[in-house]
Amino acid sequence: MSRNRSTGVIAAFALSALALTGCAASADATDSGDAGTPDASTITLYTSEPQEKIDAIVAAFTEQHPEITVDVFRAGTGDLTARIAAEEKSGDIGADLLLAADAGTFEDYAERDLLLEYESPEAAAINQDLVDPEHFYVGTRVLPTVVAINTNVITEAPESWQDLTDPEYAGKIAMPNPDVSGAAAYNAAVWLDNDDMGMTWLEGLAANQPLIAESNGPVSQAVADGSSPVGIVVDSLVRDLAAAGSPIEAVYPEEGVPFVSQPVGIFADTAEPEASQLLVDFLISKEGQEIAASQSYLPIRDDVESPEGAPATADITLLTPDLETIRASQADAVETFNGLFQ
């Protein structure tokens, strides 16, 4: 499906007008002796990032741009998309930017003219697979979903997704709820689309009666404390807990791992496009990616090293299904998942 490009054209026109207005304002400021003092801006960010991590990112950004205040509304991806849907219906989306979810979610928003077209000057330096060709959004990190094990309980780690259907893991597995976790919803569609897994694998996994936790965070905690010694979870949380001393380890299954890129995009009706663009630039800049790596995420730039203990992205087999197929099937995949696991 081709996108409606009217938003990008209107946005470009609006930004040109803003630039001209800014020039006039600058001239006025020069006359009054206030030249060089940027206008104060406040932008609102919707995100699924853990609070401590987004607080660190915002603090570093505002150190660079003290004239910009970033208000953060944090929730699970499912709650965020529901909120945005309600706000879209009312005609007033309450955020300037969204940092969450997966590329498919942003594709849907782009097709509905909800996003502003913006090509960041930093985008040329990142993994081009994470850059929307039409520049409505850009990925900010690589978040693979892996198998996590409690090393005090599981002495022989599973090597593949297929291993998790073995009856020896009955009652021992935890995984996130796809109604809440955007990564989990995406994964459900990827697994069902995969020839090596599909419905047969999902049914085998369901037979082992996994605990369906609210999101990835509780899954990783359940693995760390041993209440569910095997988890299906994003790898960054495993590294966080291992660094804190928990007996937890990540396994990258041999069939490959699904991943999301936690894109960022600017809503088309933002009243602060320039301030919002600066935040996008920061997130994918070298400094922004160094912060991401310090927070256990796999970076998207070659000039930033992976977190300590993490494999290089090039050494991980990433599952890269057709995005249009996943978008078209994700709602049905979540319904199938819920029918099997709830």
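For region 138-266, the dipole from Cβ point charges (+1 on Lys and Arg, -1 on Asp and Glu) about the Cα centre works out to 500 debye, to the nearest 20. Taking the accessible area of region 42-133, probe 1.4 Å, and keeping the other protein chains in place, the carbon and sulfur fraction comes to 46%.
What does the charge count near GLU49 come to, summing +1 for each Lys or Arg and -1 for each Asp or Glu among other residues with Cβ under 15 Å from its Cβ? With Lys, Arg at +1 and Asp, Glu at -1, the net is -3.
Could you tell me which GluC sites (Glu not before Pro) in region 176-251 are loop residues by DSSP with no more than 14 other beta carbons within 10 angstrom of their beta carbon?
Numbers: sites: GLU203, GLU214, GLU249; in loops: GLU214.
Qualifying residues, ordered by number: GLU214.
Summing charges over neighbours of PHE341, with a neighbour being any other residue whose Cβ is under 12 Å away from its Cβ, gives -3 when K and R count +1 and D and E count -1. Among the protein heavy atoms, those of ASP108 account for about 60 Å² of accessible surface (1.4 Å probe, every chain in place). Take every pair of alpha-carbon atoms less than 8 Å apart whose residues are at least six positions apart; their mean separation over the length of the chain yields a relative contact order of 24 percent.
Roughly how many Å² is the accessible area per residue of the chain, as a whole number, for a 1.4 Å probe?
Working: 15140 Å² over 342 residues.
That works out to 44 Å² for each residue.
Under 30 Å of direct C-alpha separation, and excluding same-chain neighbours fewer than eight residues apart, LYS286 reaches these lysines: LYS53.
Count charges around PHE61 for me, please; just the other residues with Cβ under 10 Å from its Cβ, Lys/Arg as +1, Asp/Glu as -1.
Details: positive: none; negative: GLU63, ASP281, GLU287.
Neighbourhood net charge equals -3.
Using 0.36 nm times the number of residues separating HIS65 and GLU88, minus their current alpha carbon distance, what extension gain do you get? Working shown, then result.
Details: separation 23, 0.36 × 23 = 8.28 nm, distance 2.96 nm.
Going from the current span to full extension adds 5.3 nm.
Only one item in (i) 6; (ii) 34; (iii) 19 matches percent of Cα pairs over 38 Å apart derived from the coordinates shown, and that item is (iii). Considering only HIS135, GLY245, SER120, the residue lying farthest towards the positive end of the dipole of the chain is GLY245, judged by Cα position with unit charges set on Cβ. Surface composition of region 180-307: carbon and sulfur atoms hold 46% of the protein heavy-atom accessible area at a 1.4 Å probe. Qualifying GluC sites (Glu not before Pro) in region 98-192, where qualification requires a DSSP coil assignment and no more than 10 other C-beta atoms within 10 Å, comprise GLU156. Here the chain is assigned +1 on the Cβ of each Lys and Arg and -1 on the Cβ of each Asp and Glu. Its dipole about the Cα centre then comes out at about 460 debye.
The values are calculated or read from the model by the stated rules, or taken from the named source; none is laboratory data. Quantities reported herein were computed from a predicted structural model and do not represent experimental measurements. All Cβ positions, glycine included, derive from the backbone under ideal geometry; neighbour counts span all protein chains shown. All accessible areas refer to the heavy atoms of the entire protein, side chains included, with ligands and DNA or RNA removed. Shrake-Rupley method; radii C 1.70, N 1.55, O 1.52, S 1.80 Å.
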